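Here's the structure, in structure tokens; my notes come after.
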Amino acid sequence: MINQKVVNILLWVYSAFDIKLLTVIATGFTIYFGYQKVSRKICVSYSVSTSRLYAMHVTNLVIANKRDNSVVISSILLRIGNKGRIQLVKFDEPLILKGYEAKLVDVPKYSAIYDKNGPIRIDIFESLFFSITTMSGEVIECDVQSPVTMAALEEKLYTNTVKFNDIVLTDRMAFVFSYLIGGVSKNVVIDRGGLIAGKSPFKGNMIQDLSKDFFESFLVAEGYHNYYENYALYKINDNLHSELVLSKAMVSAALEKKNK
């Protein structure tokens, strides 16, 4: 025969244990979700690119909020190995990342990266690290999910962006040829090897001689001098300053002088 007193004791022990277990589980969930609310975790995936006209650079990135809170981002920073850090993106309007949200960010092009000793480059196996600056000034280091294994200059880098006719110039560019046809102005870049980037305004996409005299004779002999309503050739110097070396007016004046 079962002792009722023993049964009552067992039921009390089970009940007490059950209540404590539920309390522990509930406390655990409370701590977990509370941590999700107050902690910060930002992840970044990125891609890099290089071309004849641009050295290796970060083209775009996906930034993801891994916590259940909103983050208001004013800028994204990039650290290049042990070389230093640059401000990669500065938002005109703050980027708001809601809880567990991800957004694609386009990275503006730049002409070059410098430190106090001169220009530097991103190497193919360079380690890249990202961080964000919030509107409150907090800097949050990001987890990188897709690694590719004149401010104060202490451990800092800065970018130099030089534009001409809406083209971001680099030291790989030799000339910009601007031409007008049908009332529409267009620009093409000629690199230091003589290759024309993009759609060529000429029959071919390679210039064998990058001298001013060759361009002048080439434009006249091939009929481009009369074909284009207007044109100009700008040389990109080592300091990325553009210099007018040839124009339709200059060639017309030279031809008129020659025919006198």
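No value in this document is a laboratory result; all are computed from the given coordinates. Keep in mind that this is a model prediction, so the values were computed, not measured. Here the Cβ positions follow ideal geometry from the backbone for every residue, glycine too, while neighbour counts run over all protein chains shown.
With the crude spin-label approximation of a point 7 Å out along Cα→Cβ, what separation in nm comes out for residue 168 versus residue 206?
2.9 nm
What FRET efficiency, computed as 1/(1 + (r/R0)^6) with R0 = 25 Å and r the Cβ-Cβ distance, is obtained for residue 192 and residue 252, rounded to the nearest 0.05?
According to the calculation, E is roughly 0.30.
Let me spell out the model: positive unit charges on the Cβ of Lys and Arg, negative unit charges on the Cβ of Asp and Glu, origin at the Cα centre of the range 42-161. What dipole size does that give, in debye rounded to 20?
260 debye
Provide the FRET efficiency to the nearest 0.05 for the residue 92-residue 222 pair, computing r from the beta carbons and using R0 = 35 Å.
That gives a FRET efficiency of 0.20.
List the residues whose amide H sits under 5 Å from the amide H of residue 144, counting only those 5 or more places along or on another chain, with H placed 1.01 Å from N in the peptide plane.
44
Which order results if 164, 175 are arranged by neighbouring Cβ count within 10 Å, fewest first?
Values: 164 17, 175 23.
With the fewest neighbours first, 164, 175 line up as 164, 175.
List, in the order given, every pair from 109/212; 41/163; 98/199 whose Cα-Cα distance in the structure shown is over 32 Å.
41/163; 98/199
Please list 3J(HN,Hα) in residue order for the range 76-92, calculated via the Karplus relation 6.51 cos²θ - 1.76 cosθ + 1.60 where θ = phi - 60°; whole Hz, with x for glycine and proline.
Whole-Hz 3J(HN,Hα) from phi for the range 76-92: 10, 10, 10, 9, 9, x, 9, 7, x, 9, 10, 7, 6, 9, 10, 7, 5.
Mind checking which of 124, 95, 140 is farthest towards the positive end of the range 42-161's charge dipole, using Cβ charges of +1 (Lys, Arg) and -1 (Asp, Glu) about the Cα centre?
124
How much length is gained on full extension from residue 199 to residue 229, taking 0.36 nm per residue of separation minus their Cα-Cα distance?
The span from residue 199 to residue 229 would gain 9.0 nm if fully extended.
Taking the Cα atoms of the range 46-90, what is the range of coordinates along each of the three principal axes, in descending order and whole Å?
43, 20, 18
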